[in-house]
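Here the structure comes first, spelled out in structure tokens, and everything after it is commentary.
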Amino acid sequence: MNKRLTAVWLMGAVLATAAPAWAQLPRTDAIWARTVPPGSITLDGNLTEPVWAQAESWRVHYRYDVANPVTGTQGIPGSGWKDEGGFPPTQSTNDSTNAMLKFLVMGNKLYLGATVPDKSIGGGGGFNYFDGFLMAVKDHSLPGFPKPVAEYLYSWWYPRDAQTVCPCAQAIDSAVSNPPIFKGRWAPDPVCDCATGQVVPRTGAQIAAWDARTVVNGTTNSDAAVDVGYTVEMVFDLGVMGYDVTKAAGDTIEWNISIYDTDNWWKSPLGFDLSRNRTWWACPWGNIAEQDEVRIYARPNVTNVSGAVPAIDPDFRIPVTTLAAPTIDGSLADAVWSVAPSLDLRWNDDALRGAYPSVGKYRSGQFQPRLAVDDPAPNPLPFVANGGDATVKYFWKGDFLYLGFDVRDTRVQSNATEDEWDGFTVSITSRSEEDMVDHNLAGKGLSFHVSSAGGAVPIKDLVPLVNGGTAQVALQLKPGTTVDSTGTTSSDVGYTAELKVDLKALGYPAGLGDHTMFFGIDLHDHDRFSNPLSDSYSTRTWFFREREEQCCPAWTLLDPPRWAIRRIPSTSPPPSSSRSGASRT
């Protein structure tokens, strides 16, 4: 019987170690929207239909974060909060955001139900001086990757600040009992008429794509008495955004929300109970994709009467190994690398990207920056003859993450400018460090590129880890490869690299706690041509997340010893190792 290395699923008597003593972290970036029968919801803002009581829910709460954790509210890794002005909401006449959100689907439409306690409801003409919801839905109807963001803003903001084109009239901005208005993808732009200052009516198509009703318990734009709160019933047409939750496999809606709360803006004079803040789930913005997103899962057989919703598995899995750890020298010759699972990054390979797990097929992408040597805009960018192409292998052992990089590249070069790197950015979100302004978990960019001598140059957040002895990176050129940054050589083969990171340096406890990591990989590739120089190009090709601060990392499970790479005797073909890197959704 021959011995060989393989990736295996260890079960029962084969399992050499005890079950883990840690609990897997429930997804805080994902939720189910149950399917309800036609006619179950009337869009009136009351949320009194029986199906709402059967909906999955999520609470968005001001100042709940990693420093003040409350299970089911903080929504790591991207959720946060920010004070925009005034004073902390600690008075009897103001309050902080504590909203309950519920989700359902009926047909191919998503319904959002929101209950928002609020002692002072309304808004002014300046941005950040209003109550309301700033949301985004990723647009799957458009070609290209990653899928772009479409903004949905429903609020008591009747814009009339200095930056506003065609400001709304003062009379309607300050009107008592004003309703919220629509702004963004499915609303007029500008929202108010340039001549009259009145709100421009939305078209029938815009209303069909997105609509809402609100019921206020109190009086908007008046602080003569303390308000109680408001409820919102909102509907999104998913078909116009390229989703289909009615198909048997269902769909996953990419969404996020920031809830704005301004209290006591209409008092005269203003007092110490004026407060302005916002609190978000996953991402604070509606027009750019930062931090993370909420994955809303829907499927026809997950209904309001189908019982408990299915568990939402990780986007990605990284296995542990029982084999010896590699020597970090840039070579992938150590035994463990021959059996470690892997993923590929390849420029312009839509089929490969479409096979990425979960929302990775929509968040992964590519980009060609315009270089200083290229023709100026709006001239076309140079043709990419040989874009980025690499295989990345992965596993963990002890408290360490190991990555092995195998790059195929005919022009290996060394440049200090980020747009001209040959190298990688591995983005991992810290589990303990919080952004001091936005209070979301901080992303870390562990970057390196090829040096002029053919080694690795650590960059960005990798530098302090290497200097502190909590990370190692090394790189080797493949035979027949030279570093030629002049663009003369075009017959290189590529390079290999290894990265070892002590995850305790990124906020993990010894033993890795709940084993959950937020992860992305970006391949940088630069090809310089000596003649003509303007033919030079660079590409970036990424898995899930391009940069550490961007949307959206793969919710990654560092799998326990039940799923391990180890040496076993076998005479049969090895089982596929793809389970460690694929979503089970």
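Worth a mention:
- Local net charge near Ser452, Cβ-Cβ under 14 Å (Lys/Arg +1, Asp/Glu -1): -2
- Among the listed options (1) 56.6; (2) 30.1; (3) 28.1, the one matching mean projected area of the Cα convex hull in nm² as calculated from these coordinates is (2).
- Beta bridge orientation in the chain: antiparallel %, DSSP, nearest 5: 90 percent
- Residues whose placed amide H lies under 5 Å from that of Asp65, excluding near-sequence neighbours: Val70
- Long-range amide H partners of Ser485 with built H, under 5 Å: Ser414
- Protection proxy ranking, peptides 540-549, 199-208, average beta carbon neighbours within 10 Å, highest first: 540-549, 199-208
- Cα centre as origin, Lys/Arg/Asp/Glu Cβ charges: the chain dipole, Debye: 1860 debye
- Selected from Pro314, Ser364, Trp266, residue furthest toward positive end of dipole (region 243-378; charges at beta carbon): Trp266
- The residue among Trp337, Thr203, Trp555 whose Cα reaches farthest toward the positive pole of the charge dipole of the chain, with charges on the beta-carbon of Lys, Arg, Asp and Glu, is Trp337.
- Within region 368-512, all pairs of alpha-carbon atoms sorted by distance into 5 Å bins from zero give the percentages 2, 9, 16, 19, 17, 14, 11, 8, 4, 1, 0.
- At a Cβ-Cβ separation cutoff of 4.7 angstrom, cysteine residues of the chain with no neighbouring cysteine are Cys283.
- Restraint check, Lys82/Lys361; Lys444/Lys500; Lys109/Lys247; Lys183/Lys267; Lys82/Lys109, Cα-Cα greater than 20 Å: Lys82/Lys361; Lys183/Lys267; Lys82/Lys109
- The helix-based estimate of mean residue ellipticity at 222 nm for the chain, built from -39,500 (n - 2.57) per DSSP H run of four or more residues and divided by its residue count, is -1000 deg cm²/dmol to the nearest 500.
- For the chain, with +1 on Lys and Arg beta carbons and -1 on Asp and Glu, the positive-most of Ala53, Thr115, Leu134 along the dipole: Ala53
- Averaging Cα coordinates gives a centre for region 255-278 and one for region 320-352; these two points are 51 Å apart.
- Working from Cα pairs under 8 Å separated by at least six residues, relative contact order for the chain is 19 percent.
- Burial ordering of Ile76, Ile172, fewest other beta-carbon atoms within 10 Å first: Ile172, Ile76
- Calculated from backbone phi, Karplus (6.51, -1.76, 1.60) coupling profile of region 282-293 in Hz, x at Gly/Pro: 5, 8, x, 10, x, 10, 9, 9, 10, 6, 7, 8
- Listed by Cβ neighbour count within 10 Å, with the fewest neighbours leading, Ser414, Ser432 appear as Ser432, Ser414.
- Taking Cα centre as origin and charging only the Cβ of basic (Lys, Arg, +1) and acidic (Asp, Glu, -1) residues, the dipole magnitude of region 316-581 rounds to 1060 debye.
- Rg(Cα)/(2.2 N^0.38 Å) for region 93-215, N = residue count: 1.14
- For Gly494, distant residues with modelled amide H under 5 Å away: Asp409, Lys478
- Vicinal HN-Hα couplings computed from phi for region 496-507 (Karplus, 6.51 cos²θ - 1.76 cosθ + 1.60; Hz; Gly/Pro x): 10, 8, 10, 9, 10, 10, 7, 5, 5, 6, 10, x
- Computed about its Cα centre, the charge dipole of region 189-257 is approximately 120 debye, with only Lys, Arg, Asp and Glu carrying charge at their Cβ.
- Fewest-first ranking of Glu84, Glu49, using other Cβ atoms within 10 Å as the exposure measure: Glu84, Glu49
- Burial ranking of peptide ranges 93-99, 151-157 (average Cβ count within 10 Å, highest at the top): 151-157, 93-99
- Computed 3J(HN,Hα) for region 242-254, one whole-Hz value per residue from the Karplus formula 6.51 cos²θ - 1.76 cosθ + 1.60 where θ = phi - 60°, is x, 9, 8, 7, 8, 5, 4, 7, x, 7, 10, 8, 8, glycine and proline marked x.
None of the figures in this text is laboratory data; all of them are computed from the coordinates on show. This structure is a prediction, so every number in the text was calculated from the model and none was measured. Cβ atoms come from the backbone with ideal geometry, glycine included; neighbour counts cover every protein chain shown.
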